[in-house]
Amino acid sequence: MVFTSYFFVFYFLPAVLAVYYALPRSTAWRNAWLLAASTLFYGWWNPWFVGLMLGVSAVNYACGRAMAAAGASGRRRRAAVVTAVAVSLGLLVLFKYAGFLQVNANRLLALAGVPGVRVWEIVLPVGISFYTFQALSYAVDVYRRDAPPARTFADFACYIALFPQMIAGPIVRYGDVAQQLRVREHLPERFATGVALFILGFAKKVLLANPLGPVADAAFGAQALGAQAAWLGLAAYALQIYFDFSGYSDMAVGLGRMFGFEFMRNFDAPYRAESITDFWRRWHISLSTFLRDYLYVPLGGNRRGTGRTYANLAIVMLLGGLWHGANWTFVVWGAYHGALLIAERWAGRKPFYQRLPHAARVGLTGVLVLFSWVWFRAETLPDALAYFSALFGAGCADGSTALLLAQMAAPGKLLALAVAGLLVFAPRQSHAWASELTWPKVAVLAPAFAWSLAALFTQTLNPFLYFQF
């Protein structure tokens with residue numbers, strides 16, 4: 001089930017809200033209902049996924065209780081947190097990286113003239129990258145005594161499975177919502193801003209990200225590509241992935257507010273960044289702060305000398321890239337960003353072009369980010385290199401190139417590209433715009449939602465990009 005579907009908008013969400021607010025004002029009852037609804041939402045793809053998610057929840061809940069038990073020794077606490085981390089990461093490696101590791105092992109064996117091993121075909125459960133990280137945050141925070149243990153398994157499972165953010169984030173740390181699981185306010189103003197954010201995110205996805213998707217797919221799937229089409233396709237992908245993912249995040253935060261939760265903002269105008277360091281303060285904020293607090297800082301951060309700081313940045317970004325997918329393109333994408341972050345740290349946390357005017361710094365940062373999206377979108381490393389060749393006019397253009405460019409540059413697609421390009425630089429982004437509702441804003445939201453719903457009739461199924469991660 002996806003947010004941008006008629007079933008979700010007209011049936012699932014209204015029914016869940018109606019029952020939720022009809023229940024007694026006890027968080028125990030309401031959490032139990034949210035857990036049931038979230039289980040149905042998640043099991044819509046594959047009921048088997050629910051068992052895995054609940055199993056991860058059960059192990060981490062039990063380990064949290066063991067760490068919080070009265071008189072628990074240091075050894076017992078360490079054993080419990082190691083068990084929780086090992087189970088969560090072990091399942092993530094099994095389902096997401098086993099095939100990747102086997103394929104690469106076979107390549108090494110082939111070089112040595114040794115027969116390879118059979119590659120497992122394992123279905124990747126939707127959202128596993130996100131809920132395993134949330135489970136990890138719980139175990140580590142309880143171990144550090146930064147968060148209290150969950151009162152009941154139902155409360156903890158509700159935190160892991162909560163349908164607004166479970167599939168594609170934002171990554172919600174247990175410590176940030178522990179109190180909200182116990183007591184939360186349901187204010188009309190918060191509900192209204194939640195509806196507004198949901199509509200804005202819905203429109204981002206349906207009216208901007210979805211029309212830009214075919215443009216990017218045409219460019220990255222072309223056998224022959226000229227420079228103009230390559231740049232157009234790359235710009236379309238950069239805007240598609242932003243409006244797709246930030247749209248989902250807006251909807252998730254908005255849905256959370258409808259149920260009394262407050263989740264962190266996941267994007268802050270990232271394409272207005274004036275350095276790569278600034279970009280990572282603005283892009284996928286829940287992931288970047290998670291990697292900082294649970295990986296970079298424990299590795300030593302910047303407290304153990306310059307060389308160690310550079311190594312820590314490289315490790316974090318390599319693992320951050322690999323987190324997105326089991327492919328060497330993601331490893332290179334992470335290494336690319338790591339190298340840029342190291343270069344900026346060497347220059348004093350500023351880009352090498354720091355003396356340029358602000359607009360030029362934003363422009364150059366944008367170009368560096370654009371180049372990174374080639375590695376992120378390409379299926380293989382040779383595909384990425386071929387795309388770079390096309391960007392700089394060395395592609396294998398032929399007679400079909402002009403036709404491809406004409407298809408990509410259709411008026412409707414160019415209009416979506418232009419509107420999206422303007423909106424990324426808007427002075428007020430969705431969270432600030434929706435923070436306070438007025439009647440003129442309602443007059444904008446109502447037709448935008450109606451237009452988005454109407455647009456769904458003309459679109460084929462286009463799931464959120466981050467579902468694959």
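The set of residues in the range 424-446 that are among the β-branched types (Val, Ile, Thr) and part of a helix (DSSP H, G or I) comprises VAL442, VAL444.
Are any of the residues in the range 20-29 in contact (Cβ under 8 Å) with a residue 24 or more places away in the chain, surrounded by 14 or more Cβ atoms within 10 Å (Cβ to Cβ) and of a type in the set (Gly, Ala, Ser)? There is at least one residue in the range 20-29 that is in contact (Cβ under 8 Å) with a residue 24 or more places away in the chain, surrounded by 14 or more Cβ atoms within 10 Å (Cβ to Cβ) and of a type in the set (Gly, Ala, Ser). Tallying residues that are closer than 17 Å to ALA203 by Cβ and either exposed (fewer than 13 other Cβ atoms within 10 Å of the Cβ) or outside the structural domain of LEU197 (by TED's automatic domain parsing) (or both) within the range 430-441 yields 1.
Among the residues of this structure, TYR248 counts as one that is under 29 Å from TYR138 (Cα atoms), in contact with a helix residue (DSSP H, G or I) (Cβ under 9 Å, 6 or more places away or on another chain) and surrounded by 19 or more Cβ atoms within 10 Å (Cβ to Cβ). Determine whether the range 412-423 contains at least one residue that is out of contact with any Asp or Glu (no Cβ under 8 Å at 6 or more places or on another chain), assigned by TED's automatic domain parsing to the domain that holds ALA252, within 25 Å of VAL195 (Cα to Cα) and not in a helix (DSSP H, G or I). The answer is no, given that none of the residues of the range 412-423 is out of contact with any Asp or Glu (no Cβ under 8 Å at 6 or more places or on another chain), assigned by TED's automatic domain parsing to the domain that holds ALA252, within 25 Å of VAL195 (Cα to Cα) and not in a helix (DSSP H, G or I). All but one of (1) part of a helix (DSSP H, G or I); (2) modelled with pLDDT under 90; (3) of a type in the set (Ser, Thr, Tyr) hold for TYR353; which doesn't? Every listed condition holds for TYR353 apart from (1). The set of residues in the range 179-192 being of a type outside the set (Phe, Trp, Tyr), assigned to a helix (DSSP H, G or I) and surrounded by fewer than 21 Cβ atoms within 10 Å (Cβ to Cβ) consists of GLN179, GLN180, ARG182, PRO188, GLU189, ARG190, ALA192. Exactly one residue out of ILE342, ILE285, ILE315 is touching a residue at least 60 places away in the same chain (Cβ under 8 Å) and of a type in the set (A, V, I, L, M, F, W, C), and it is ILE285. Of all residues in the range 84-97, at least one satisfies being closer than 21 Å to TRP323 by Cβ, β-branched (Val, Ile, Thr) and surrounded by fewer than 17 Cβ atoms within 10 Å (Cβ to Cβ). A Cβ distance below 7 Å, combined with a sequence gap of six or more or placement on separate chains, defines the contacts here; from the range 171-184, residues that are closer than 22 Å to ILE285 by Cα reach residues that are modelled with pLDDT under 90 and surrounded by fewer than 18 Cβ atoms within 10 Å (Cβ to Cβ) in the pairs GLY175/ASP146; ALA178/PRO148.
VAL442 satisfies every condition listed in (1) of a type in the set (Val, Ile, Thr); (2) within 23 Å of the chain's Cα centre (by Cα); (3) at pLDDT 90 or above except (2). With respect to ARG272, is the statement that it is in contact (Cβ under 8 Å) with a residue 24 or more places away in the chain and of a type in the set (Lys, Arg) true? So ARG272 fits the description; yes. Taking the condition among the small types (Gly, Ala, Ser) and buried (at least 18 other Cβ atoms within 10 Å of the Cβ), does GLY348 pass? In short, no.
If we only count helices (runs of 4 or more DSSP H) wholly inside the range 1-112, which ones have 3 or more residues that are among the charged types (D, E, K, R)? Walk me through it before giving the result.
Details: elements: 13-22, 27-43, 47-68, 74-111.
Ranges flagged: 74-111.
Within the range 210-266, being more than 30 Å from ASP155 (Cα to Cα), assigned to a helix (DSSP H, G or I) and polar (S, T, N, Q) holds for ASN210, GLN228, GLN240.
Taken over the range 298-319, the criterion of being β-branched (Val, Ile, Thr) and surrounded by 14 or more Cβ atoms within 10 Å (Cβ to Cβ) is satisfied by THR309, ILE315, VAL316.
Could you please find all residues in the range 442-458 being surrounded by 12 or more Cβ atoms within 10 Å (Cβ to Cβ) and either hydroxyl-bearing (Ser, Thr, Tyr) or closer than 19 Å to ALA269 by Cβ (or both)? Selection gives SER452 alone. Only one of the listed residues (TYR294, TYR310) is under 24 Å from the mean Cα position of the chain (by Cα) and touching a residue at least 12 places away in the same chain (Cβ under 8 Å). That residue is TYR294. Candidates are the residues of the range 30-39 that are out of contact with any Pro (no Cβ under 9 Å at 6 or more places or on another chain) and either touching a residue at least 12 places away in the same chain (Cβ under 8 Å) or hydroxyl-bearing (Ser, Thr, Tyr) (or both); the one that is surrounded by the most Cβ atoms within 10 Å (Cβ to Cβ) is LEU34.
Number of residues in the range 117-172 that are over 13 Å from ALA84 (Cβ atoms), aliphatic (A, V, I, L, M) and assigned to a loop (DSSP other than H, G, I, E, B): the value is 13.
The values are calculated or read from the model by the stated rules, or taken from the named source; none is laboratory data. Only a predicted model underlies this, so the values are computations on that prediction, with no experimental measurement involved. A quick note on method: Cβ atoms are made from the backbone with ideal geometry, for glycine too, and the neighbour counts reach across all protein chains shown.
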